[in-house]
Amino acid sequence: MTSSTTAVRPPRTRGGRTAHPFLRYALRRVLTSLLLVVGVTLVTFVLTNLVPGDPVAAALGQRAAEDPAIVAQFRATYGLDQPLVVQYFTYLGNLLHGDLGVSTTTHNPVVDDLAKALPATLEIALGAIVLSVIIGVVLGTIAAYRRGKASDHVLRVVSLAGLSVPTFWLALVLYYVFYFQLHIAPGSGRLSSDFSTPPHVTGLTTVDALLAGQLDTFLDAASHLFLPVLVLTLYTVGLLTRFVRTAVLEILDQDYVRAARAKGLPTRTVIWSYVLRGASIPILTVVGLAFGSLLSGTVLVEAIFAWPGIGSYAYQAASHLDLPGIMGVGLLIGVMYLLVNLIVDLLYGVLDPRVRLAS
Amino acid sequence: MGGIDLALSRGGIHGLAGESGSGKTMTALAVLGLLPGGMTASGSIRLADTEGPGAGSDSGFTELVGAPRGVLQGVRGRRVAMVFQDPSTSLHPQLPVGRQLTDHMRHHLGLGKPEARAKAEALLDRVRVPDARGALSKYPHQFSGGQRQRIAIAVALACDPTVLLADEPTTALDVTVQAGVLQLLRELADGGDLSILLVTHDLGVMSAVADEVTVMRQGLVVESAPRQQLFTAPRDEYTRSLLAALPGSSFEQAGEDAR
């Protein structure tokens, strides 16, 4: 972005307001996001406590739950005997120290559990979003350029089918076909049993394996990634293709595209530099939304492929009424949403000089 | 649309007038082979091969109607360039001005980046955009409407075309800056080799700069004459009513009579 920094020179640098307009924009967005994080803690806390069902009984089991002394002791240990408001502020205070409580299922600090599970989820979610963006942009652009022709109709039907198929069903079918029938895909989990996890750097098995120079571990990890990533990709690629088609169609009608053609530029340049650049802002918006829905869509997929990520952890915590675990997952997913939104907002500034340079 | 017969002379401005929807813009787009989907041009659009890449061809001209894509792409922007109505939509809002001035230069003329930028700077000077060097790294929204249209004209001039199609180049501009842009077009035409087709619904604009004027209505040419003749002695009824619609026109009376 060297051109942008030079472009910023003239407007409103006088009068002591020397802050770069984009920095102010970014700062405002970051502050708004922090406020929203507080909102997310409140919502997760309240929602979790609204859940019907007694977490004490779920944690202690039927017999222990019938003994009032044990129950009272359990409630005191986890602070459940305090009023809700006090519980919330205790929760907030602990949160500031990076303490999300102790899971009543795994008996580990929730923070440690989540830190272990997050990279696994990120690995499939990032893989899926990168793949869907590449495929979605290419197919959507082709469909827009061939509007009304056979290939456009085929792409539209296929993407609608991709949108309509339930993810968990697709996951089960693909698992059955590729693992049980064809023996092409490896079984569940992140690595086959005869491989050990590479030294922890990023937590992404594929990346860590490459960093450690273990090529065979990388290949094994990649083959385990294949099916879950494929399922999640099919889930978002339909949405992206349809959206990119609409966005590109709208841009194709813009004067600046006609002007670029009138300049005699090759079609390739017109598409890359003019059409897709113009469509990049609406596309970015929908990619952010798609990534958000991927994070929640990953729960069932992880459960089916026994993928040790946030989704599996949420599933396990929910089925055991593990309140600290559920709140931790809720908070993490909420914060991820906000983070994705923040990144999208900041990228608007990178992509659009009108956002970047306006005060 | 049909029966449109136009001839552009070197160093002249040919005005194409008519109300909106009369086919003026389509005529300009047809020259570049850029008619919107489903429409085709028939007949003949000939571009004289006097200089530049087409010079010395056997026929002495390039036929643009039905020309293969490669030929058209070599003509667009290189030999025939276009200026659009609204510079706030015809310049890409996300690309720096310098990039939009140089990408077709580099493609058509094979210039390197520094040469193209130097030429772009000279062009901006020529169309009188202040601080030409600094302007190269700015974005369209950082300029006023009049300056943006000057930039769009500079983009059109970048590869030294012989024909400039100007589609309502002043309509979207403030009245105060319209005269400056028109004067610039006049100077460019007077500079020698450039022929300008000035498409506008505004006969006031036409009377100020055009050498020849063609009036269109509902896709047909109703009258074509040198400016002086058209404005003083229009032959067609429709031309008269257009002239009568001009404020302060001496045809006011005639217009009343015609009705």
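The values are calculated or read from the model by the stated rules, or taken from the named source; none is laboratory data. Bear in mind the structure is a predicted one, so any value in this text is a computation, not a measurement. Glycine gets a Cβ as well: all are built from the backbone with ideal geometry, and neighbour counts include every protein chain shown. The area values use the complete protein model at the heavy-atom level, side chains included, leaving out ligands, DNA and RNA. Shrake-Rupley method; radii C 1.70, N 1.55, O 1.52, S 1.80 Å.
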*For chain A, restrict the atom set to alpha-carbon positions and state the Rg and Dmax in Å.*
24.6, 84
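Using a 1.4 Å probe and counting only protein heavy atoms, arrange A:LEU35, B:LEU182 so the residue with the most accessible area comes first. Display every interim value, and only then the final one.
Numbers: A:LEU35 130, B:LEU182 15 Å².
Ranked from most to least accessible, the order is A:LEU35, B:LEU182.
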_Accessible surface of the range B:13-258, 1.4 Å probe, proportion on carbon and sulfur as whole %_ = 49 percent
*asked:* Let's see if you can work this out: charge +1 on each Lys and Arg Cβ, -1 on each Asp and Glu Cβ, no other charges. What is the dipole magnitude of chain B about its Cα centre, in debye to the nearest 20?
replied: 940 debye
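Residues of chain B: accessible area per residue at 1.4 Å, in Å²? The partial results should precede the final answer.
On the way: 11330 Å² over 259 residues.
It amounts to 44 Å² per residue over chain B.
For chain A, with all protein chains present and a 1.4 Å probe, just round the carbon and sulfur fraction of the accessible area to a whole percent.
Values: 12500 of 18400 Å².
That fraction is 68 percent.
Give me the accessible area per residue for the range A:116-319, probe 1.4 Å, as a whole number in Å². Let's see the in-between values first.
Values: 9290 Å² over 204 residues.
With all protein chains present, the range A:116-319 gives 46 Å² per residue.
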*Cα centroids of the range A:112-191 and the range B:110-126: how far apart, whole angstrom?*
47 Å
_On a full-extension model of 0.36 nm per residue, what is the gain between B:ASP236 and B:GLU115, subtracting their alpha-carbon distance, rounded to one decimal in nm?_
38.5 nm
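Per residue, how large is the accessible surface of the range A:16-104? Use a 1.4 angstrom probe and give square angstrom.
Roughly 66 Å² per residue, with all protein chains present.
Tell me, which longest segment in chain B has none of the GluC sites (Glu not before Pro) that fall in DSSP loops with at most 15 further Cβ atoms within 10 Å? It would help to have the intermediate numbers written out before the result.
On the way: sites that count: B:GLU19, B:GLU51.
That gives B:52-259 as the longest site-free run.
Would you rank A:TRP307, A:TRP169, A:TRP272 by solvent-accessible area, highest first, keeping every protein chain in place and using a 1.4 Å probe?
Values: A:TRP307 5, A:TRP169 130, A:TRP272 170 Å².
Per-residue accessible area, sorted high to low, gives A:TRP272, A:TRP169, A:TRP307.
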*For the range B:116-160, which residues drop by 40 square angstrom or more in accessible area between the chain on its own and all protein chains together (1.4 Å probe)?*
B:SER137, B:TYR139, B:HIS141, B:GLN142
*Most fluctuating residue given options B:ARG235, B:ARG79, B:ARG117, as computed from a GNM of chain B linking Cα atoms under 10 Å*: B:ARG235
*Obtain the radius of gyration and the Kirkwood radius of the range A:26-174 from its C-alpha atoms and give Rg over Rh.*
1.16
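Tell me the total accessible area that B and A bury against each other, 1.4 angstrom probe, in square angstrom rounded to 100. Let's see the in-between values first.
Numbers: alone 12590 and 19660 Å², together 29740 Å².
Approximately 2500 Å² gets buried when B meets A.
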*Which value, in debye to the nearest 20, gives the size of the charge dipole of chain A about its Cα centre, when Lys and Arg are +1 and Asp and Glu are -1 at the Cβ?*
2440 debye
*Which listed residue (A:TYR315, A:THR167, A:VAL157) has the Cα farthest towards the positive end of the charge dipole for the range A:116-319, taking +1 on Lys and Arg C-beta and -1 on Asp and Glu C-beta about the Cα centre?*
A:VAL157
*Using r as the Cβ-Cβ distance of A:HIS97 and A:VAL350, and R0 as 60 Å, what FRET efficiency do you calculate, to the nearest 0.05?*
0.95
*Relative to the present Cα-Cα distance, how much length would full extension add between A:VAL165 and A:LEU126 at 0.36 nm per residue of separation?*
11.9 nm
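Give me the mean projected area, in nm² to one decimal, of the convex hull enclosing the Cα positions of the range B:13-258. Walk me through the numbers on the way to the answer.
Working: hull surface 56.8 nm².
Average projection, Cα convex hull of the range B:13-258: 14.2 nm².
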*Angle between the Cα long axis of helix A:84-96 and the longest principal axis of chain A, 0 to 90 degrees, nearest 10?*
60 degrees
_Residue (of A:THR44, B:ALA166, B:SER20) at the positive-pole extreme of the protein assembly as shown, dipole from beta-carbon charges_ = B:ALA166
*With no solvent and one equal point scatterer placed on each C-alpha of the protein assembly as shown, evaluate the Debye formula and give log10 I(q)/I(0) for q = 0.05, 0.13 Å⁻¹, two decimals.*
-0.37, -1.32
*Farthest toward positive dipole pole in the protein assembly as shown [+1 Lys/Arg, -1 Asp/Glu at C-beta], among A:ALA76, B:HIS201, B:GLY110*: B:GLY110
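Counting only C-alpha contacts under 8 Å and six or more residues apart, can you give the relative contact order of the range B:13-258 as a whole percent? Walk me through the numbers before you get to the answer.
On the way: 394 pairs, mean separation 64.2, N = 246.
Over the range B:13-258, the number comes to 26 percent.
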*How large is the dipole of the range A:177-316 about the Cα centre if only Lys and Arg carry +1 and Asp and Glu carry -1, each at its Cβ, rounded to the nearest 20 debye?*
740 debye
*How high is the FRET efficiency between B:THR176 and A:LEU35 when r is their beta carbon distance and R₀ equals 60 Å, given to the nearest 0.05?*
0.85
*A:THR77 versus A:VAL51, label points 7 Å from Cα toward the beta carbon: distance in nm?*
1.9 nm
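When every alpha-carbon pair in the range A:116-319 is counted, what percent end up more than 31 Å apart?
Working: 6258 of 20706 pairs.
Result for the distance tail: 30 percent.
In deg cm²/dmol and to the nearest 500, what is the mean residue ellipticity at 222 nm of the protein assembly as shown if only DSSP H runs of at least 4 residues count, each as -39500 (n - 2.57), divided by the residue total?
Numbers: 28 runs with 363 residues, N = 618.
It lands at -18500 deg cm²/dmol.
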*Pop the C-beta distance of A:SER188 and B:ASP131 into the FRET formula with R0 = 60 Å and round what comes out to the nearest 0.05.*
0.40
